[in-house]
Structures are given as C-alpha cells and as structure tokens.
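The values are calculated or read from the model by the stated rules, or taken from the named source; none is laboratory data. Remember, it's a predicted structure, so these values are computed and weren't measured experimentally. We place every Cβ from the backbone using ideal geometry, glycine too, and count neighbours over all the protein chains shown. The area values use the complete protein model at the heavy-atom level, side chains included, leaving out ligands, DNA and RNA. Shrake-Rupley method; radii C 1.70, N 1.55, O 1.52, S 1.80 Å.
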Amino acid sequence: MSDTVTAAPLTAKDFATDQEVRWCPGCGDYSILAQVQKVMPTLGIPKENVVVVSGIGCSSRFPYYMNTFGMHSIHGRATAIASGLKAARPELSVWIVSGDGDSMSIGGNHTIHLLRRNFDVNMLVFNNQIYGLTKGQYSPTSEEHKITKSTPFGSIDHPFNPLALAMGADATFVARSMDRDPKHLQQTLIRANAHKGCSFVEIYQNCNIFNDGAFEIFTEKGTKMEETLFLENGKPLIFGATQNKGIKLDGFNPVVVELGNGVSADDLWIHDDKDFYKAQILVRMFDDPRKANHLPRPFGVFYETERLCYEDVMALQIEEVITSKGKGNLDKLLRGKEVWEIM
Amino acid sequence: MSTTDQILQDVVIKFAGDSGDGMQLTGQQFTNNTALLGIDLATFPDFPAEIRAPIGTLPGVSGFQLHFSSNKVYTPGDIADVLVAMNAAALKVNLKSIKPGGKIIANIDGFDSKNLRLANYPDGINPLEDGSLDSYDLIKIDVTKLTRESLKDFTDLGVKERDRAKNMFVLGFIYWMYNRSLENTIEFLKEKFGKKETILQSNIKVLQAGYNYGDTTETFTTRYKVEKAKMPAGLYRSIMGNQALTYGLIAASEKSGLPIFLGSYPITPASDILHELSKYKSFGVKTFQAEDEIAAITSAIGASYGGLLGITTTSGPGMALKAEAMGLAVMLEIPLVIVNIQRGGPSTGLPTKTEQSDLMQAYYGRNGECPMPVIASSTPSDCFEVAYEACRIALQHMTPVILLSDGYIANGAEPWRFPTSNDLKPINVKFKTSLDEGEEKFMPYKRDEKLVRPWAIPGTAGFEHRIGGLEKQDITGNVSYDADNHQHMVKTRQAKVDKIADHIPLQKMDSGADKGKVLVLGWGSTYGAIKSAVLELQAQGKSVSHAHIRYIRPFPKNLGEIISNFETVLIPEINNGQLVKIIRDEYMVDAKAYNKIMGVPITKGELVDVLKKML
C-alpha cells in the first residue's frame, strides 16, 4: 500500500497511541498489550492495514491503545463486524480482541460461525474467568461453585472449555497462552498471524481486582512447572518440576507417567499440531485443578490446519462469474428480458 | 361457432387454489402477458405462511389478484370480476371478494366430497350444485380430467406429474378468454424446463389444451379484450417491489463506485432481496447470509467501515434484533442502509401479510437519543428510486438510513418505465486520503457544512484512528464522558439528520389543490388506494387533495405549510395510528386517523366512504 521506500523500521512505540491506558494497575491486559505492540512491528504489515476490532468488556478497550485502525464496537459483535470487514477488504490484517464474556456468552454465536467460515483473522480471547467491567459476576468460563456478586451461594453453571468449543466449530488454528509468560505469548501471536485462516488464541489473563490468582497455579513459579504442559511440535509431552513427568496415551486417554524406571521420552505422546484427532484429546485436558489427580493444563498451539478462507472464496466466486458472464451492465439489468414500448 | 369480442376497460381477476396448485406462477404469467401488451396493471399475491398447509384446507389457500386496465391502475382492485377457484376452499375464502354477478371459473374436481369436507362445507352441500352461486356467472370446468386427458400420450408421466400441469390448463383458458397469445408463457416454460423435454412438452400441451377448450367448446360465446393503457411514452417492463429495490441498490453501487456488501438473515417477506442480490456477483456484489439478524447488520457495519456500501435487509422481528447495532452505526457515523419489508406484528405476527406497523420502531426504536433518516417506498416500482435515495443519503450524509417497504409492495408488480443509467443522479463519494490546508492531524469527527464527518477507510496511511460506541469528544473522536460534550454531541447528531432536509426535494401534492378542505396524507403502500379514492372524489368536485410522504425523517421542509393549508388532515395507515402521532407531535395539528389492521391493504372503496363523511 505504501510507496515509502526508506521508511525506518517500525517499533513497538509506533503502535502505541496518545491515549492514557486505563486498565486497573496490575491488570493482565497490560502485558498482553505490550506483547502485541512488540510483535506488530516484526510482522511486516503496514500499520495502516492493521485493524483491531473489539466488543465490550475490559479487554475491548484494547483498540484505543493501538495506533492502527480500530473499532470498539458493541457487546459480542466484534467477530461479526470483523467478518464483514474481512469479506469487504481481504487485504487487511484484522485482529479481534475479546473477552470470555464477550466471545463465549453474548457473542458465542458469532464466535462459532467466524471459526467455521475460517476468515483469515486473528481472534484473541482474554480469558479472566470473570466479568470485570460490570464489577465481578461469574462468566461462562468461571469454575463451578464460584462465589461472585451474582452467585453468593456459588455458581451452578458448568464452564465452557473455549478450545474444545473452537475445535467443535472446526477452527483451523487453536492455541492457548498466558499474560504472565511474555515470550510464549509473543511466539503464539507470531504463529497466529502466520496462520492463513482464523486463528483462535485463548490468553489466560489475571483480573487482579475481581478474580485475582485465577491462573496462578499455571503462572507462578512454585506450581507452574508441575501444572502446565508446553506443547512443541515434534517434542514429547514432558512437564514437572524437574521435567520428570510425561503424558502417554492409554487408548484414547492421556495418562501421566513418571520418567525413568524404564519409561523414556520415546514412550510419550509426541506433539503434532496437524493431528486433528489428538488435538481433540489435547483440548480436553481441562481438569479442574482443584481436583486430585488432575492432568496438567497444556499451552501452545494445539491444532493447525489449512482450509480455504471465506473471503478468498467469496472473491473468487465473483471473479469467476465476471469471467464467464462479463461485468454487470446496469442498463441491461434495468431493461430486463421483456420490454414493451408505449409511443 | 363464432364468438364475439367485447371490449372491457377494467378487469380484476383473482387466481385462487391450494398453495400447491401453482396459482402464483399462473398469476405472474398472466401478469407478464398483460404487461407486454401495454395494459396497465397492479398485482397482489396473497399466500399462506405455511409452505404447504394441509392440502385442500382453508388456511392452505393461495391467491394472486391482478387488476388490469386501459386506464391508469393504482391498486390491485377492491373486488374481483373474475375468480378462478381451483378447489372448494379457494371459493369459500374468496367468495366475499367477488363482485355481484362476477364470473367464477371453478375446477369441478376440486369440489369432490373430500375437498368439500376439507373446506368445511356441511355434508351433502356442494356450492357448484346447490344454486347458491346463481347470482354469479358460474363456469364449471373439469380441469383435472381434461388435463389428464390431454396428457394421455405422455405415458412416462405419473398421475401426480400430469395433475401438476393443471394450472397451465387454466392459464390457457384465461388466455383464450382475454384474447391473448401463448407465446411468452411458452418461452418461459422453455427456459424453466429446457432440459426436461417431457415436462416441457406436457406443460405446453396442457396450456394449448386449455386455450383450445375455450376455442372449441360452444359454451363460451364471448371473449374479452382490454386495450392498451394511455401511459407516458417510453420503454416499460414489469417489476415487483423487492426486485426494484434490489435494482435500486445495485444502481447506487454503480453510480457511487462502491461495491455492495449485503449482510442478511432470511426472513419473510424480505428474503427475496437476498436471493435477488446474490445473483448479481457480476456487479461485484458481496452477499453474506449471516448466522442471525445481529450478525447481518454488524457484518454490514464492518464492510461499510471498510469502505463498501453496507446494506442489511430484514422485516420487523429482525429490526428489533438489529436495534443496538443501529445505535452503533449512528455513533460511528458511517453509511449503512437498513431495509425493513414490514409485515404483520408484533412478534412473529402475520409473516406473509402486510402492515405498516414498524414506523414508530424505525423512528424511535433505539436506546438513547438516536436519530436516523427514514424513507418509505409507495409502489413496487417506487422501491427503485427509494432504494437509490436511501443509499445516496447514507453515503453523502454518513449515516445509517432506514428504508421502509412492506409485504404488499414487495410482492406486488406493476409496469415500470425504467430509467437508463444516464438518467440517474450521480452519487459522489470521497474518502479522506489527505489533510486539508490548515489541518495538522486527522480529526475523525470534524464536520463539514452538512455536519458530516470525513470517511477515512483502513489502508489509508496516516489516517489510523479509533472509533466506537462510546460517546465521542467533538472533533477528535476520542472517548469523552464530559457533560457539556455529550449534550453538544446529542444535539449535533440530531442537527445532522435534520439538515438532510436541505438535500431532499420539497413535498409535492400528488393530486388536488394546494389548499382546501381535506388533505389525505399518506406514506408507503397506501399510495394506490388513496390516489384512486381521491381522484374519484375530485372528479365529483370535492375539495380533497393527496400528498404522499417519501421522506419521513426528516420531513420535507414545506410539509408543515402544506398541512396548514387544509381544514382537515386524514392519515390512512395499515396500523393502529403511527404517522398520525408523529404528525400531531411535529406540527401540533389535529390530524385524523383511518386505520385498518387486518393484514391486507386499505381498499379504495372504504377510503371513499370515509372521505365522503368528511367532505
């Protein structure tokens, strides 16, 4: 788009706006914003071609802080707005920023349809398992029995498993990362952008006001190694304080095994993000960490596949019709087939 | 044997049968045949909400009314001269709308004991036999038997397939009765069944058999002829409302240079616009069948944000779902056309019946102070111009626009003296791509003299900016919760819509003097009925005039003055009184209402009666 030949390379600063960032001090959103701003200049996309579309919620303030094109829209509809925008302008780099309430609750319908249509956009879901902007009600990803303002006796809702939902909607890129692991988040964003198709990235994000510590078991030093499983293509699923445990498939069931005593890395599940069936099992490693003998929670790219993108097929169909029928002629259209003349 | 030809000026014919009998197709074929002869016409299809209600029952009756004349036609006619009744239910449903002494052409086979029972006739009663129709000119034809007979050589076809052609027999017979050629229908059949030779030949055979039946049966001694109507010189075609609306959108796209993006979710009676637009990929039209009404409008907002001509089409229940997104479009101040083909409400209401009951919804139905222009079409062909105007206003005033049509206009047909592309006013659209003199930084909410903000689309280097549903600071567009700013912005958004009045035509009188006793003020599909009623009374020397409003928000600047020139204003509407409330509110005038809420249009006759009491 730009004719500039010798423009200085962009930096993270170029993607920051003059607007004061207004998340609560200590909010996980700060880290996510920083990682996105860091990654953006490395992607080789002209700034003016980037559009960030958000819905409503704390996360959805995001566009105001990105010096790109942006729209802070209405609750749950960023996905649908982005669909129309991408269909209209396939050359744009469209980023959807949403939260667990925005994408899974009020906007759940649009989320699944965005995924099945496979628009080439990136969808970042900041999951903090709480409604922050409305001051602390449980969300569709909150754990069972959770005490919140709207559930003083504990939530009776069963939570969504966002990645399983994405797999169910035939997403072509499914990943999970966290606010407290900047490197991993950056790597995940880079891969999400590189993926041609709809990239669904769930980001665990701490709401230190209404749901502080929701993910600390996964993010804090003391427990992280034991409770998380970082996925790398071609590598065995190994975790544990001293990398002493692994995941093996027993039939269709993932089981934890101790390494050593005759069990080696070769016996473990080797990650392959192209494996559709194994990805279905992987996303189901979603045990409530409060329960005994729960499995570790995986992070990384669970699944990636190629499928034609909606906007490309839409453009192709138009091209094909024009090739076979010629460009539309308004006068011919208005005239139609059967005409009579009054003298 | 010889027949005599009788010249008629005016005929209203109603084709009625079971919804599987093909009455809509029969009606449309006769309509096209009539139009091609230069006869003026108006149609009114009337079908059940169920795709196939139980065969033979009263709710399953599908009708198609056609009014054709050598005079100007404004309505599909209050009452039918001729009824074609394919079964007992069709007769029962329509008997009250046949002129005394009118013709009833009845399919005998549709009056067997089973059909009579399904139509709730008492045991042993057959209206074709009991003399109850003596005051009508009853023509009984055993259509089913004659159809089967004429297809006896088509041994490949089963009974069901043969019977399916019986509407062609009726059409052929009516063609004979009105001195018509079969040509356009044969052409139509060739196009429809081109690859299915047997089906094609059988349909043509039955069509000819129906025609020959009239010709050779000695019962029928009179054929009728309606001469060409005197219409302004030019080229004409037949057009239906939703089709004209589609063409208007495409024309606006061509003239503005912006491709169309239609986000739509199927809903009766608006789906035909989605069907129609999806055919025109050769014009670069992008149609998106969204997952719901909300995604339909928000995807269109996304496309519009990207610089396309964003459109969404729906009917009342869909409008309700789109309301929040309309508010977003008002805040974003981007172009968007929202088409509402109104139907009977509330809730699911009467999906296939017509009503004008969404005017208040269009006018006020959003949270906050949320003004949007509203524009309404009055006849099938008028949908073209109104759609074009809706796009023009949206694009040139950076605003969402609501276009109101209704089921009656959407499915009705009339002759249309179509324009050429050169006749259409250009729609100039300019994206913001450079800073003006004296501008240091792009200001997304800096307005021009029309109070319109600049449109800078993604991909324009140096114009990156953020917009959204939160209140904007004037000029910069940054989020602002400032009290004075909010008041200023609310007033500004209102003033921007009000200012559109400077860019639309003044209200014209449709007929009658500028001053007088009664002004009949209408909007939308009541046009034909008001027009013909008022003309009739004017011919009797009554002081009555007619004005029909296309631009409902804002109103044309001279509307108040027109209203003040009359002693009384009557506002007929197919609702419980909506425009009348707005007019009273706007102009402090004691406007009178005439309301009909029966899912059908107001007739000329009833309006004449109402007006006579006022004059």
For a quick check of your reading of the model, give me the residue pairs whose first member lies in region B:429-448 and is in contact (Cβ under 8 Å) with a residue 12 or more places away in the chain, whose second is part of a loop (DSSP other than H, G, I, E, B) and surrounded by fewer than 13 Cβ atoms within 10 Å (Cβ to Cβ), with beta-carbon atoms closer than 7 Å and at least 6 apart or on different chains. B:Val429/B:Gly257
For region B:221-238, does any single residue satisfy the condition of being away from chain A (no Cβ under 11 Å) and either part of a helix (DSSP H, G or I) or under 30 Å from B:Val386 (Cα atoms) (or both)? no
A:Ala171, sole failed condition from (1) touching a Cys at 6+ places or on another chain (Cβ under 8 Å); (2) open to solvent by less than 10 Å² (accessible area, probe 1.4 Å); (3) over 27 Å from A:Ile74 (Cβ atoms): (3)
Please go through region A:53-65 and pick out each residue that is facing chain B (nearest Cβ under 10 Å), out of contact with any Ser or Thr (no Cβ under 7 Å at 6 or more places or on another chain) and surrounded by 24 or more Cβ atoms within 10 Å (Cβ to Cβ). A:Ile56
Is it the case that some residue within region B:543-550 is more than 14 Å from every other protein chain (Cβ to nearest Cβ), in a helix (DSSP H, G or I), open to solvent by less than 40 Å² (accessible area, probe 1.4 Å) and not basic (Lys, Arg)? no
Note on region B:99-120: residues polar (S, T, N, Q) and open to solvent by less than 60 Å² (accessible area, probe 1.4 Å) are B:Asn107, B:Asn115
What about B:Ser315, is it surrounded by fewer than 22 Cβ atoms within 10 Å (Cβ to Cβ) and over 14 Å from A:Leu85 (Cβ atoms)? no
Among (1) open to solvent by less than 70 Å² (accessible area, probe 1.4 Å); (2) free of Cβ contacts under 8 Å to residues at least 60 places away in the same chain, where does B:Asp514 come up short? (1)
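Consider A:Ile156 carefully, then state whether it is open to solvent by 10 Å² or more (accessible area, probe 1.4 Å) and either away from every other protein chain (no Cβ under 14 Å) or under 15 Å from the mean Cα position of the chain (by Cα) (or both).
yes
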Residues to consider are A:Ile318, A:Ile281, A:Ile322; find the one that is in a helix (DSSP H, G or I) and away from chain B (no Cβ under 12 Å). A:Ile281
Go through region B:396-410 and give me each residue that's buried (at least 24 other Cβ atoms within 10 Å of the Cβ) and in a helix (DSSP H, G or I). B:Gly407, B:Tyr408, B:Ile409, B:Ala410
Is it true that some residue in region B:215-229 is in contact with a Lys or Arg (Cβ under 8 Å, 6 or more places away or on another chain) and surrounded by 24 or more Cβ atoms within 10 Å (Cβ to Cβ)? no
For A:Asn127, all conditions in the list (1) open to solvent by 10 Å² or more (accessible area, probe 1.4 Å); (2) within 17 Å of the chain's Cα centre (by Cα); (3) more than 13 Å from chain B (Cβ to nearest Cβ) hold save one; what is the number of the exception? (1)
Taking region B:407-463 and keeping only residues that are modelled with pLDDT under 95 and polar (S, T, N, Q), one is left with B:Asn411
Quick test of your reading of the structure: A:Arg89 fulfils all but one of (1) facing chain B (nearest Cβ under 7 Å); (2) surrounded by 24 or more Cβ atoms within 10 Å (Cβ to Cβ); (3) among the charged types (D, E, K, R). Name the failing condition by number. (2)
Checking B:Asp123, B:Asp134, B:Asp130 in turn, the sole residue that is open to solvent by 70 Å² or more (accessible area, probe 1.4 Å), closer than 27 Å to B:Asp78 by Cα and free of Cβ contacts under 8 Å to residues at least 12 places away in the same chain turns out to be B:Asp134
Take the residues in region B:477-511 that are among the polar types (S, T, N, Q) and open to solvent by less than 40 Å² (accessible area, probe 1.4 Å); name whichever of them is nearest to the other protein chains (Cβ to nearest Cβ). B:Ser480
How about region B:55-88: which of its residues are part of a helix (DSSP H, G or I) and under 17 Å from B:Pro45 (Cα atoms)? B:Leu58, B:Pro59, B:Gly60
(1) in contact (Cβ under 8 Å) with a residue 40 or more places away in the chain; (2) in the same structural domain as B:Ala390 (by TED's automatic domain parsing); (3) crowded, with 19+ Cβ neighbours inside 10 Å: which one isn't true of B:Gly257, the others all being true? (3)
In region A:28-52, anything open to solvent by less than 20 Å² (accessible area, probe 1.4 Å), more than 14 Å from chain B (Cβ to nearest Cβ) and not in a helix (DSSP H, G or I) is listed as A:Gly28
Do we have A:Thr305 as closer than 20 Å to A:Asn193 by Cα and open to solvent by 30 Å² or more (accessible area, probe 1.4 Å) here? yes
May I ask you to verify whether A:Ile81 is buried (at least 24 other Cβ atoms within 10 Å of the Cβ) and more than 14 Å from chain B (Cβ to nearest Cβ)? no
